[in-house]
Amino acid sequence: KGAAQKKPKQVKTHSKVIIYEDGHVQFRQRLVCSLLTLKPISVRNIRSDDLDAPGLRDHEVEFLRLLDEMTDGTSVDISSTGTSFRFRPGLLLGGEVHFDCGTTRNVGWFMEGILPLAPFGKEELTLNLFGITYGQCD
């Protein structure tokens, strides 16, 4: 009757916080879902096996800052090593947002994460992103 399907071990729920143990996998999608459902998440083991550069990358921290700018009441706590963070979503505001994405990822990477949120703000979203339009990663 086929092999038994494995249940994803990375998802746990404790006191209404969804805990992901598999690091940066689906980083933007998890944050978007957290904002749309208003459920806090905790992400652990972010590149913890990378001895040279463990933790969040600059563009991931910038994405968290962008979400904070687009919302009211969002709280982000990043560990000192950057290998874990806790995200408590606030309310999506919309309105006019100007944001510098930096130079480690192109603006398209940021837009991919933001577009699913655009229709759900209190106001229409006008987003002005500044940064590179072509990157080696994208």
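The values are calculated or read from the model by the stated rules, or taken from the named source; none is laboratory data. Since the model is a prediction, treat every value here as computed from it, not as a measurement. Glycine also receives a Cβ, built like all others from the backbone with ideal geometry; neighbour counts cover every protein chain displayed. Ligands, DNA and RNA are excluded from the accessible area calculation, which covers all protein heavy atoms including side chains. Shrake-Rupley method; radii C 1.70, N 1.55, O 1.52, S 1.80 Å.
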Notebook entry, point to check: If you line up the long axis of helix 27-37 against the longest principal axis of the chain, both from Cα atoms, how many degrees apart are they, to the nearest 10?
Noted result: 80
Checklist line | Accessible area of residue 21 in the full protein assembly, 1.4 Å probe (Å², nearest 10) | finding: 50
Check: Taking the Cα-to-Cβ direction at residue 37 and at residue 133 and moving 7 Å from each Cα, how far apart do the two end points lie in nm?
Finding: 3.7
Next item on the list: Report the extension gain between residue 88 and residue 123 in nm, rounded to one decimal, defined as 0.36 nm multiplied by the number of residues separating them, less their alpha carbon distance.
Entry: 10.5 nm
Notebook entry, point to check: Could you give the angle, 0 to 90 degrees to the nearest 10, between helix 58-70's Cα long axis and the longest principal axis of the Cα atoms of the chain?
Noted result: 60
Notebook entry, point to check: So how compact is the chain: Cα radius of gyration and Dmax in angstrom?
Noted result: 16.0, 55
Notebook entry, point to check: Gain in length, residue 68 to residue 26, computed as 0.36 nm per residue apart minus the alpha-carbon separation, to one decimal in nm?
Noted result: 13.3 nm
Margin query: I'd like the accessible area for residue 77: 1.4 Å probe, protein heavy atoms, all chains in place, Å² to the nearest 10.
Written below: 80
